[in-house]
Structures are given as structure tokens and as C-alpha cells.
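Here's the structure we're looking at; comments come further down.
The values are calculated or read from the model by the stated rules, or taken from the named source; none is laboratory data. Remember, it's a predicted structure, so these values are computed and weren't measured experimentally. Cβ placement follows ideal geometry from the backbone for every residue including glycine, while neighbour counts extend to all protein chains displayed.
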Amino acid sequence: MNNHENLTVIIVTFKTNEEILFNCIDSIKKKIKILIIENSNDQFFKDKLEKKYENVQVILSGKNLGYGAGNNLGLKNVKTRYVLISNPDVEYNRDFFDKVDYYINEQTEFSIIGASYNDESHYAPAGYFNKNNVNNQFNEIGLKEVDWIVGCTMLLDTKKMKTQNYFDENFFMFWEETDLCRRTKLNGGKVFCSSKLLINHLGNKGSTGSNPEYLIESEMFRNWHLMWSQFYYIKKNSNYFSAFFSMFGKLIRSFVKMIIFTLFYNKAKQTRYYARFSGLIYSMVGSKSWYRIKFLSK
């Protein structure tokens, strides 16, 4: 007996490579409900997915909402207590959903649980706001309490989430899961990382990042939002001056490197640092997170 009937997986997509998405879906047990939020009006995509998979429902958002707003739309449409938020470029270990049963019960008290990576050289799946509070010990069911987890895989107990609006929709991408974890802990919730829930995460393959044709545009897009969101996150959770002084060094370095790589005709790196400089400037002056890849936003 398992609790999978009380679990829904939400996957936000936007022009996602089909092979990558199918690999993600195929790694999820077939009886588990999957809700895909496609950030477009692509009716063909919806029909194809719902015909191919009996356990998949697709909602077309009508426009590119981004990660946070897309997941908020999904959360408004689920009927189960437990929700697994998944990036489309994640593949789950064969026993992942069996081990989810360790946690989706009345005995385990949590608000959010994050996964760990099979590849230990991957970037950290979780962390702490205060490095003096680091906990390296997992308990008997493979959990350790942390301050934040990476948003590619987030198991939520919606009954314990004391909020109506999960993600701050001012973020388009990056830092929104860290912000949610911070607010969850401030409201008395518990955030954990699990050593039992193991995944492979391709990273930057959820939409345009998987297509070499859009390499430069994807680099611009990611770096612009990385800087915009980091400044906004610090400003929101501290104040404007803390954000300014924390990010001023990155602003100067981005500007200098942009000039250097322009002089050396290195288009990829010039684009990266121009994007970081531009994203920071717009965030500093209070502009919304507006930047999109125009020809992919239709």
C-alpha cells in the first residue's frame, strides 16, 4: 500500500525538448498524476502529451509565465495534499517514488523536502543562510534540516504550507525557491534535504538551453535573470542598500569583462557579462523582470 494517490507531480514547460521531457515523465511511476503547465498556447503539444500518457494532464497558460507563476498556476489546480514540483530536465531514480512514501504520511512533519544528486560533483542541492548553522547529519529516515533547497525537485506538503501564494511572481526565474524556503521557515515550517530521494538533473535543459541554435540567446536570458533576481531577492529580504553593496562588485566586474571580451571579439562571454550588467542595472532601478527571448515568446 502506498500514498501515491495523494501525490501530484507538477512540471512547468516552455518549448521543452520532447526527448528530455519524455525521459522525465517516463521516470515517474505511471499511476502518479502529472500536471504539466505549458507556458504557451500550443494545443498540439497538449493533445500529443495527453494522448501519449494516461496519467498526464496539460494546462496551457497562454503565455510564458516563468517558473514561479507557472508552478503557482499548477498548485491552484491540484487536488492532492502532496505535490512534487519538478523541472522537465530531471530524471528520477527507479526507487525514487517508493522512497517518497517514507515522507508522505501523517508521521513525517515537513513543509518542503528537496532531493540529492546521484553525481556528487554537481552543485549543492541545499544550503544555509548562516554558515555557522550547517548540519551535515541525516536522520534515520534520510532527512536533514536546511535553510533552502534547489527548485528542480521540491516535495511540498500543502497542508503545512502557510501561504496562499507559494512563489513570488516578481521572479521570472532563479532565486524564487530560495525566497519560498525563507518565507516557509519564517512561518514556522520545516525545510529538509533527503539523502534517499536521488535524481539526475541535466541543468539548463528545460527550454531553449537544450538547443544549440539558441545558445547565445539562452546565455543572455539566463544571466540577465540570474543577476536581476539575486538583487531583487536581497532587496526584498533585507533592504535596497544591502542589495546594492552586496552586488556592486559584480556590477563592476561584469562591466569590465564585457568591455574586455568585446575588444577580443569573444561573443559568448561578451554576451554573458553584458547580460549580467544589464540585469543588475534594471533590478537596481526597480524595473520589473521583463527580459524575454522575443522570437520564442509567441
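Scanning segment 1-38 for residues that are surrounded by 19 or more Cβ atoms within 10 Å (Cβ to Cβ) and hydroxyl-bearing (Ser, Thr, Tyr), we see that the one that is nearest to the chain's Cα centre (by Cα) is THR13.
If only residues of segment 256-278 that are crowded, with 16+ Cβ neighbours inside 10 Å and hydrophobic (A, V, I, L, M, F, W, C) are counted, the one that is farthest from ILE293 (Cα to Cα) is PHE261.
Looking across segment 19-38, the residues that are in a helix (DSSP H, G or I) and either hydrophobic (A, V, I, L, M, F, W, C) or over 18 Å from LEU198 (Cα atoms) (or both) come down to GLU19, ILE20, LEU21, PHE22, CYS24, ILE25.
With respect to ASN71, determine if the residue is under 19 Å from LYS162 (Cα atoms), touching a residue at least 40 places away in the same chain (Cβ under 8 Å) and either among the polar types (S, T, N, Q) or in contact with a Cys (Cβ under 6 Å, 6 or more places away or on another chain) (or both). Here the answer is yes, as ASN71 does meet what is asked.
With respect to the conditions (1) in contact with a Lys or Arg (Cβ under 9 Å, 6 or more places away or on another chain); (2) modelled with pLDDT under 95; (3) surrounded by fewer than 19 Cβ atoms within 10 Å (Cβ to Cβ), GLY209 lacks only one, and its number is (3). Looking only at residues of segment 39-63 that are touching a helix residue (DSSP H, G or I) at 6+ places or on another chain (Cβ under 8 Å) and assigned to a loop (DSSP other than H, G, I, E, B), we find that the one that is surrounded by the most Cβ atoms within 10 Å (Cβ to Cβ) is ASN39.
Here TYR67 fulfils each of the conditions (1) assigned to a loop (DSSP other than H, G, I, E, B); (2) within 15 Å of the chain's Cα centre (by Cα); (3) hydroxyl-bearing (Ser, Thr, Tyr) apart from (1). Scanning segment 83-109 for residues that are among the aromatic types (Phe, Trp, Tyr) and buried (at least 19 other Cβ atoms within 10 Å of the Cβ) gives TYR92, PHE96, PHE97, TYR103.
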